[in-house]
1. Would you check which residues across region 57-93 are more than 21 Å from residue 145 (Cβ to Cβ) and either touching a strand residue (DSSP E or B) at 6+ places or on another chain (Cβ under 8 Å) or in a helix (DSSP H, G or I) (or both) and list them?
2. Has region 52-68 got any residue that is out of contact with any helix residue (DSSP H, G or I) (no Cβ under 9 Å at 6 or more places or on another chain) and over 18 Å from residue 130 (Cα atoms)?
3. Starting from residues that are over 16 Å from the mean Cα position of the chain (by Cα) and crowded, with 17+ Cβ neighbours inside 10 Å, keep the ones in region 64-84 and report whichever is nearest to residue 26 (Cα to Cα).
4. Tell me, please, whether a residue that is at pLDDT 95 or above, within 19 Å of residue 45 (Cα to Cα) and assigned to a helix (DSSP H, G or I) can be found in region 176-190.
5. Looking only at region 128-151, filter to residues that are part of a helix (DSSP H, G or I) and out of contact with any helix residue (DSSP H, G or I) (no Cβ under 7 Å at 6 or more places or on another chain); which one of those is farthest from residue 75 (Cα to Cα)?
6. Look through region 157-166, keep the residues that are part of a helix (DSSP H, G or I) and surrounded by fewer than 22 Cβ atoms within 10 Å (Cβ to Cβ), and return whichever of them is modelled with the lowest pLDDT.
7. Provide a single number: the residues in region 104-127 that are touching a residue at least 24 places away in the same chain (Cβ under 8 Å), farther than 20 Å from residue 30 by Cβ and surrounded by fewer than 18 Cβ atoms within 10 Å (Cβ to Cβ).
8. Sort out which residues of region 31-56 are touching a residue at least 40 places away in the same chain (Cβ under 8 Å) and not in a helix (DSSP H, G or I), and write them in order of number.
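The values are calculated or read from the model by the stated rules, or taken from the named source; none is laboratory data. Worth saying up front: this structure is predicted, and the values here are computed from it rather than measured. Because the Cβ atoms are built from the backbone with ideal geometry, glycine has one as well, and the counts that use them run over all protein chains shown.
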């Protein structure tokens, strides 16, 4: 597997996990993930909490805050620039099955769809875009995103400390954890799966 710039950056950053600026940096990366779609935020949270369990609260708070801020900034851009910005950011997204499914969820459940999707380890950008393009006030989008992210990241943080094997069984999370571990300059030995 070829390691790209972002992979090297994440691997390098993980070596500074004990630094006081590390959790705020995770928050910035969580915000940027709304615009580049390739930062393994869940994997960074899990590996950071496992590596520094005493700093679980600051890691949890910064990633939650960063994710919400990034989502609200994305929503603001979409409300201002509309679907051309979305197509520029993610070409073809309006034609995907997931986009159409998310529209039906938002039509049926409103902002609770935003809450539920942001609480799950699934792609959240369409639901943020749909609620933003529907003209829902940014404050409401932020509130429901915050609720969903608190649920998701609280569960992930708790599992990282008390039952990390459960997280490794979740396919999307396991994939992100593998991406983070693969990017580390000094990779830990992988234990064979049982």
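1. 84, 87, 88
2. Within region 52-68, one or more residues are out of contact with any helix residue (DSSP H, G or I) (no Cβ under 9 Å at 6 or more places or on another chain) and over 18 Å from residue 130 (Cα atoms).
3. Checked region 64-84; the qualifying residue nearest to residue 26 (Cα to Cα) is 77.
4. No, because not a single residue in region 176-190 is at pLDDT 95 or above, within 19 Å of residue 45 (Cα to Cα) and assigned to a helix (DSSP H, G or I).
5. 151
6. Filtering first and then ranking leaves 164.
7. The number of residues fulfilling the criteria is 1.
8. Correct list: 37, 40.
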